[in-house]
């Protein structure tokens, strides 16, 4: 069997396993789940497919990006290379963004995902300043068809976040802070986050860390697993394999 086909089958099996991990987790009470993401930086090629799929899945407007791919230069000239680092929200167990919100519009769910109430958010942006990962952005209300002869119907269709439809012409989340939520609307239907399924290098893994049989539970203890800015005590739930 050709090597390319073998690799494709291997990747499909990983996706199917993670889907089974999610379905198994959803059978447990919310408080017994612990969603985490593992990103293998050795496999990331910087294609930004995860960024694009996230924008499409969550129907993000100009200037709002939930999952940028950062670039890091490694080495000393002339022996220099680049490493690509996808940066979603870290869904911290000790999130600095939560206590600074003056109206309690952001909080940590029982399963660990940090959520935002768009109807409660007043757009003060304190949480943006507090986040050490720059994982939050502000929706200024721009559309891709601004300053064009006509407005496209697509721009006004609703996006679905936090279990609710948000039409673009109905106020929120315009004027609110927005961020990655691990594709909560997909997750609660037993589906993987969009970024995980669209990665061409199969560099993203997702599941319940409280399940000892899940794929992520096998990856987290590896000696090459790190978390960003652990020294700040944020306890991020995104791990990187380096």
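The values are calculated or read from the model by the stated rules, or taken from the named source; none is laboratory data. Predicted model, so just to flag it, every value in this text is computed and none were measured. Ideal geometry is used to build each Cβ from the backbone, glycine not excepted, and the neighbour counts take in all protein chains shown.
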Fill in the blank from the handout: Per the list (1) surrounded by fewer than 20 Cβ atoms within 10 Å (Cβ to Cβ); (2) within 20 Å of the chain's Cα centre (by Cα), residue check on residue 153 breaks on (2)
Exercise for the section: Quick one: in segment 28-42, of everything that is surrounded by 16 or more Cβ atoms within 10 Å (Cβ to Cβ) and part of a loop (DSSP other than H, G, I, E, B), which residue is farthest from the chain's Cα centre (by Cα)? Expected result: 33
Exercise for the section: Go through segment 206-242 and count every residue that is in contact (Cβ under 8 Å) with a residue 60 or more places away in the chain, part of a helix (DSSP H, G or I) and farther than 19 Å from residue 114 by Cα. Expected result: 3
Completion exercise
Listed by first then second residue, the pairs whose first member lies in segment 176-203 and is on the phi > 0 side of the Ramachandran plot and crowded, with 21+ Cβ neighbours inside 10 Å, whose partner is part of a loop (DSSP other than H, G, I, E, B) and modelled with pLDDT under 95, with beta carbons under 7 Å and at least 6 positions apart or on separate chains, are none
Handout entry: From 132, 62, 102, 88, residue being buried (at least 17 other Cβ atoms within 10 Å of the Cβ) and in a loop (DSSP other than H, G, I, E, B)
Key = 88
Exercise for the section: Looking only at segment 138-150, decide whether some residue is within 22 Å of the chain's Cα centre (by Cα), under 18 Å from residue 98 (Cβ atoms) and buried (at least 20 other Cβ atoms within 10 Å of the Cβ). Expected result: no
